[in-house]
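Visitor: Take this structure first; my questions come after.
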Amino acid sequence: MIFDEDSPFQVLRQTWQPVALTRDLPAGGVMGYTLLEQELVIARFEDGTLLAADAACPHKGARLSAGRIVDGCLMCPYHGWTFGPTGDCKNIPSLVEPNPQKCALSHLKSYEAQDRYGMVWVKLDPAGDTPLPEVPEFENPAWSYRLGPPMKFAAGFRREVENYLDMTHFAFAHGTTLGKCADPRIPDMTITTHDDGFQMDAPFPALETPHEQPGKLQSAHHRQQRCHLPNFTTIRQTFTDGDERVLVHIPSPNTRESCTVFWSLAISPGFDGPEPDGQIDFAIKVLDEDREMCELQTPREVPVNPTRGGWGVLVAPGDTLANTYQKMFRQWLQKHLDAAAT
Ligand code: FES
Ligand SMILES: [Fe+2]
C-alpha cells in the first residue's frame, strides 16, 4: 500500500501516546488533550479509574474537558448530563421520565488508557498491540526518577525526534548551555537496527569549553541512543566512573504541525554530580533552545514522502541518524499499512 502525508497519524492511532503527567491528573481530575488531531477528555474517577473519550458531549457538543467529577460521574458543565467510568450516560437531568434509549444513544466514544512511567497514556485504535517499551531504570526505586514539565512545540513530532537524535547542533543551538565550541563533528558511531527501531552507540568526548552546567554532565561518556518507533527515544549516558543517566523524549503529536514533548530522567544510585532537580532545570533550558530550533524549521513537519518537499541537503555522518530515523519510520509505516490491508 502506498502511503501519503495522512498515513503517519492513521498508523500512530495504533500506538500508546502520552497525554498527561499522572501527577497532573489526580483522583477527581478532568483535562483536555488533542491527540492526533482528535480532541479528548481525560478524567480520573475517585477510585483511580481513567476515562479517555471524545471531548464533545453527545448532547450539544460542549467540551467535557470543562466538566468535573461529581458523585462518581463525569458531569458536563452545560446541562449536567453525567457519564460513568466506561463512558456510559448515567443521567439526563432535563428528562421528566428516565429514558434508557436516549442514554444508550449518548454513550461516549472511549479509548484505552493506562498509567506508566508517571504519565497517562492513550491508544486511539484498539488494533494496535505494541506495548510500551520497557525501561527498567524508570521503575527501579534505587534510581532517582524525575519527570520534566511537558513542553509544547509548534513543530511536527518527527522534527522533534530528529532534533533529539542530532549531535551536530550543540555548538550552535546550545552555545551557552552545552558549550560554545562543542565540536560539530560527531564521534565515530555504530548503528544497529532492531525489529522496532534502531540504536546508536558512540564515545562522547569531554567538553573543554565554557558551558553552563558545571562538570559531570558534559564530561566524557558513552552515549547510547535507542529509538523505538514511532517516537519513543532514550539516551543513555554512561560516565567513566560508572554513573549513568537515562533520558526519554516522547513528542506526543497534537496536530500535524505541533506536538507536546513528554520527557523524564532517571539517574543511577549515588550519582556523583548535580542534584536531580538541578539536572531537570538545566534540561529545561536546553530543551527550550531545541524548541526554538524546531519551530524555525520549514516545513513544520518532515515529509514522509521526500519527493514532496524533500528532507533537505543531508550530510554524512552528521545527519546519518536523522536519515536512519526517516527511512526506518517509512518502513514502519509501510509494515503497518500492509498489515492493515491484509
Ligand atoms: S452539551 Fe453537555 S449536557 Fe448539554
Ligand atoms: Fe538539542
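The values are calculated or read from the model by the stated rules, or taken from the named source; none is laboratory data. As the structure is a computational prediction, the values presented were derived from the model and not from experiment. As a convention, Cβ positions derive from the backbone with ideal geometry for all residues, glycine included, and neighbour counts pool all protein chains shown. Only protein heavy atoms, including side chains, enter the accessible area calculation; ligands, DNA and RNA are left aside. Shrake-Rupley method; radii C 1.70, N 1.55, O 1.52, S 1.80 Å.
Visitor: Going through the range 310-339 one residue at a time, which ones are under 17 Å from ILE186 (Cβ atoms) and either in contact with a Ser or Thr (Cβ under 7 Å, 6 or more places away or on another chain) or outside the structural domain of THR190 (by TED's automatic domain parsing) (or both)?
Guide: GLY318
Each row is one residue, and each column tells you yes or no for (1) at pLDDT below 95; (2) more than 24 Å from CYS294 (Cα to Cα).
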residue: GLY215; (1), (2): yes, yes
residue: ALA220; (1), (2): yes, yes
residue: HIS228; (1), (2): no, no
residue: THR234; (1), (2): no, no
residue: THR238; (1), (2): no, yes
residue: ILE250; (1), (2): no, no
residue: ASN254; (1), (2): no, no
residue: CYS259; (1), (2): no, no
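Visitor: Still on this model: Please find, within the range 32-49, the residue that is farthest from ligand 1 (Cβ to nearest atom) out of those that are in contact with a Lys or Arg (Cβ under 9 Å, 6 or more places away or on another chain) and open to solvent by 30 Å² or more (accessible area, probe 1.4 Å).
Guide: The extreme case among them is GLU37.
Visitor: Is it the case that LYS102 is free of Cβ contacts under 8 Å to residues at least 60 places away in the same chain, not hydrophobic (A, V, I, L, M, F, W, C) and not in a loop (DSSP other than H, G, I, E, B)?
Guide: yes
Visitor: Name the residues in the range 53-71 that are part of a strand (DSSP E or B) and open to solvent by less than 20 Å² (accessible area, probe 1.4 Å), would you?
Guide: If the condition is that a residue be part of a strand (DSSP E or B) and open to solvent by less than 20 Å² (accessible area, probe 1.4 Å), then ALA53 is the only one that fits.
Visitor: Continuing with this model, one more query. Residue pairs, Cβ under 6 Å, 6 or more apart or interchain, first in the range 35-64 and closer than 16 Å to LEU105 by Cα and more than 16 Å from ligand 2 (Cβ to nearest atom), second aromatic (Phe, Trp, Tyr) and at pLDDT 95 or above. List them.
Guide: Every condition considered, the pairs that remain are HIS59/TRP81.
Visitor: Based on this model, can you work out whether GLU208 counts as more than 14 Å from the chain's Cα centre (by Cα) and within 24 Å of ALA154 (Cβ to Cβ)?
Guide: Spelling it out, it is not the case that GLU208 is more than 14 Å from the chain's Cα centre (by Cα) and within 24 Å of ALA154 (Cβ to Cβ).
Visitor: Does MET200 meet the test of being in contact (Cβ under 8 Å) with a residue 12 or more places away in the chain, more than 16 Å from ligand 1 (Cβ to nearest atom) and in a strand (DSSP E or B)?
Guide: Yes; evaluated as a whole, the condition is true for this residue.
Visitor: Could you check, for the range 243-262, whether at least one of its residues is surrounded by fewer than 15 Cβ atoms within 10 Å (Cβ to Cβ) and either within 16 Å of ligand 1 (Cβ to nearest atom) or part of a loop (DSSP other than H, G, I, E, B) (or both)?
Guide: No, every residue in the range 243-262 fails to be surrounded by fewer than 15 Cβ atoms within 10 Å (Cβ to Cβ) and either within 16 Å of ligand 1 (Cβ to nearest atom) or part of a loop (DSSP other than H, G, I, E, B) (or both).
Visitor: Just to check your reading of the model, which residue among ASP195, ASP166 is closer than 20 Å to ASP319 by Cβ and surrounded by fewer than 19 Cβ atoms within 10 Å (Cβ to Cβ)?
Guide: ASP166
Visitor: A further question on this structure: With the requirement that a residue be open to solvent by less than 30 Å² (accessible area, probe 1.4 Å), over 16 Å from PRO251 (Cα atoms) and not small (Gly, Ala, Ser), what does the range 104-123 give you?
Guide: Correct list: LEU108, TYR111.
Visitor: Being open to solvent by 40 Å² or more (accessible area, probe 1.4 Å) and more than 8 Å from ligand 1 (Cβ to nearest atom) is the filter here; which residues of the range 72-86 pass it?
Guide: MET75, PRO85, THR86
Visitor: If I filter the range 174-192 for residues that are loosely packed, with under 13 Cβ neighbours inside 10 Å, in a strand (DSSP E or B) and either modelled with pLDDT under 95 or more than 16 Å from ligand 1 (Cβ to nearest atom) (or both), do I get at least one hit?
Guide: Within the range 174-192 (the criterion being loosely packed, with under 13 Cβ neighbours inside 10 Å, in a strand (DSSP E or B) and either modelled with pLDDT under 95 or more than 16 Å from ligand 1 (Cβ to nearest atom) (or both)), the answer is yes, since at least one residue qualifies.
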